[in-house]
Amino acid sequence: APDQSIWTKLQALFGLAVTPKGTIDAVGLPALAEGLKSTPKRVLDGKSLPKIVMLSSAGVTRPSWSEGKKLALEGCAGIPIVRLNPFGILDVKRESEETLRTCGVDYTIFRPCGLNDSWPSNQRPIFSQGDIAVGRINRKDVAQILVSILSAPDATGKTFEAITIANSDGYYPPASSLNTALGRLESDSINGGKGPSEEVVRATYALMQQLLPGEKQSANELAMGQTYEQLDKGEEGRLGKKGEEKVEQAGLAPSS
């Protein structure tokens with residue numbers, strides 16, 4: 001039916017009542033944090049290491065932004081995954097992040113941007129905060145960052161996103177250690193637990209938008225399933241035009 005929401009269509013497609021509140025993010029993560037509360041702290045050189053590293057996602061806070069903020073930061077608030085928010089999964093991840101921050105266990109929350117196995121791996125990551133990053137990262141680099149975080153005290157108590165920049169003729173090799181980059185990031189506890197100020201977030205947004213793949217550098221014009229390269233060429237993506245995406249072909253489902 002034309003008046004059906006994307007959520008309703010996806011429920012009908014999978015033939016079950018999808019329950020995001022029962023996902024690993026919503027149930028498993030808090031239970032794990034509770035179980036680790038009484039275990040000894042992890043320490044390196046006198047500094048706390050994270051006991052839990054959460055693999056979240058860029059974009060989790062954007063559906064909850066004010067309309068004014070969405071308009072001002074349209075380049076990241078208007079991307080397909082945020083615009084469609086299938087299964088409400090971004091909201092579930094955001095709530096899980098909030099639970100983790102208050103659980104009393106040393107943590108790190110890592111939000112990779114668009115996972116793309118065709119994007120080169122072993123590339124230099126660019127970290128940001130404020131949930132404004134848009135771009136690509138290979139899953140191999142996501143895995144490497146997750147492993148590095150486990151032994152990085154400067155990652156503890158922080159939430160951050162990452163893209164990678166493709167290595168242009170060897171001029172931007174990945175750093176031998178992530179410690180310097182992670183040390184420059186702000187703790188989640190600053191500004192009364194609100195993280196970076198809006199001024200910092202907007203300045204970072206302006207910079208990160210210049211690192212978008214493609215020539216148009218207009219991620220909010222993308223349809224779900226459309227690549228930056230297709231957008232540049234005026235080609236339609238695999239799920240159809242923006243606003244008319246065949247979301248039932250996206251192969252999306254929450255983890256449970």
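The values are calculated or read from the model by the stated rules, or taken from the named source; none is laboratory data. Just so we're clear, the structure is a prediction, and the values are computed from it rather than from any experiment. Here Cβ is always computed from backbone atoms with ideal geometry, including for glycine, and neighbour counts include all displayed protein chains. Just so you know, the surface numbers come from the protein's heavy atoms only, side chains and all, with ligands and any DNA or RNA stripped out. Shrake-Rupley method; radii C 1.70, N 1.55, O 1.52, S 1.80 Å.
Structure values in brief
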{"quantity": "Residue-count net charge about V82 - beta-carbon cut-off 9 Å; Lys, Arg +1, Asp, Glu -1", "calculated": "+3"}
{"quantity": "Highest-fluctuation residue, T99, T61, T156 considered, GNM on the chain with Cα pairs under 10 Å", "calculated": "T99"}
{"quantity": "Long-range amide H partners of G240 with built H, under 5 Å", "calculated": "K246"}
{"quantity": "Of all DSSP beta bridges in the chain, antiparallel share, percent nearest 5", "calculated": "45 percent"}
{"quantity": "Per residue, in Å², the accessible surface of the stretch 84-199 once ligands and nucleic acids are set aside, probe 1.4 Å", "calculated": "45 Å²"}
{"quantity": "Highest-fluctuation residue, D188, D232, D106 considered, GNM on the chain with Cα pairs under 10 Å", "calculated": "D232"}
{"quantity": "Most mobile listed residue (G35, G240, G59) in the chain, GNM with C-alpha springs under 10 Å", "calculated": "G35"}
{"quantity": "Net charge, E235 excluded, C-beta distance under 12 Å - Lys, Arg +1, Asp, Glu -1", "calculated": "0"}
{"quantity": "Karplus-derived 3J(HN,Hα), 6.51/-1.76/1.60, for each residue of the stretch 54-59, Hz, glycine and proline x", "calculated": "8, 8, 9, 7, 4, x"}
{"quantity": "Radius 14 Å from Cβ of Y205, net charge of other residues (Lys, Arg +1; Asp, Glu -1)", "calculated": "-1"}
{"quantity": "Relative contact order (%) - the stretch 83-162, alpha-carbon pairs under 8 angstrom, separation at least six", "calculated": "40 percent"}
{"quantity": "Of (1) 1.03; (2) 1.33; (3) 1.42, the label for Cα Rg over 2.2 N^0.38 Å derived from the coordinates", "calculated": "(1)"}
{"quantity": "Sequence-separation-based contact order of the stretch 47-108, relative, with Cα cut under 8 Å and 6+ spacing, percent", "calculated": "55 percent"}
{"quantity": "Heavy-atom accessible area order for E67, E161, largest first, 1.4 Å probe", "calculated": "E67, E161"}
{"quantity": "CD proxy at 222 nm, helix term only [per DSSP H run n ≥ 4: -39500 (n - 2.57); per residue of the chain; nearest 500]", "calculated": "-8500 deg cm²/dmol"}
{"quantity": "Sequence ranges 148-154, 79-85, ranked by mean other-Cβ count within 10 angstrom, highest first", "calculated": "79-85, 148-154"}
{"quantity": "Cα convex hull volume per residue for the stretch 55-160 (Å³)", "calculated": "108 Å³"}
{"quantity": "The chain, relative contact order [Cα under 8 Å, separation at least 6], %", "calculated": "21 percent"}
